[in-house]
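The values are calculated or read from the model by the stated rules, or taken from the named source; none is laboratory data. The model shown is predicted, which means the values in this text are computed figures rather than measured ones. Every residue, glycine among them, receives a Cβ derived from its backbone with ideal geometry; neighbour counts consider all protein chains shown.
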């Protein structure tokens, strides 16, 4: 009888330990596994952000300043998975602004030879050729840029300017209207269309 009593005390004293073991076992069996984090490729992430920004251009009233949104869009178009491509684009743009067209052309040609899918590289070289009055070459490059990024309103503006310089007023206005369809906040583009219409009353 005493043995049974002592055994009961020992079981009672050990009860918390037993309970902890049961709880620990239950916790171990009910732990929910954490799914591994899915990493989005940089290019896909840029595309998603670009979709949001371009959509915002149509949601914001015309009276509001959207320069920040436009700047963010241009920043995305100027990005690339390759740091080398970004540097070449930036340095060639600086050369164009400084009027150093030959080194700018060399850098952009090197850029496009190595990274032919970089749409903004084609657009930038088109702008260079336009500044050099090489309109046919500028048109080839801007068309290539738009085939890669058909929502680049800046490229459509460039195309309109090239066509205007070539005396193709109707086509120039059509290209500028394409730019407005993507970004309706382009006041200067509307003014340019009016100016072209005055220059060519038949339109």
Taking segment 127-150 and keeping residues in contact with a helix residue (DSSP H, G or I) (Cβ under 6 Å, 6 or more places away or on another chain) and outside any helix (DSSP H, G or I) leaves 132, 149
Of the listed residues (124, 190), the one being surrounded by 19 or more Cβ atoms within 10 Å (Cβ to Cβ) and in a helix (DSSP H, G or I) is 124
If you go through 113, 199, the only one that is out of contact with any helix residue (DSSP H, G or I) (no Cβ under 9 Å at 6 or more places or on another chain) and either at pLDDT below 95 or surrounded by fewer than 20 Cβ atoms within 10 Å (Cβ to Cβ) (or both) is 113
Residue 157 passes all but one of the listed conditions (1) over 20 Å from residue 108 (Cβ atoms); (2) at pLDDT 95 or above; the exception is number (1)
Conditions (1) at pLDDT 95 or above; (2) farther than 25 Å from residue 109 by Cα; (3) in contact with a helix residue (DSSP H, G or I) (Cβ under 7 Å, 6 or more places away or on another chain) -> residue 76 fails only (2)
When residue 90 is run through (1) farther than 30 Å from residue 56 by Cα; (2) outside any loop (DSSP other than H, G, I, E, B), the failure sits at (1)
Note on residue 62: of the conditions (1) modelled with pLDDT of 95 or more; (2) surrounded by fewer than 13 Cβ atoms within 10 Å (Cβ to Cβ), unmet is (1)
Checked 160, 154 against criteria (in contact with a helix residue (DSSP H, G or I) (Cβ under 9 Å, 6 or more places away or on another chain) and in contact (Cβ under 8 Å) with a residue 40 or more places away in the chain); the one match is 154
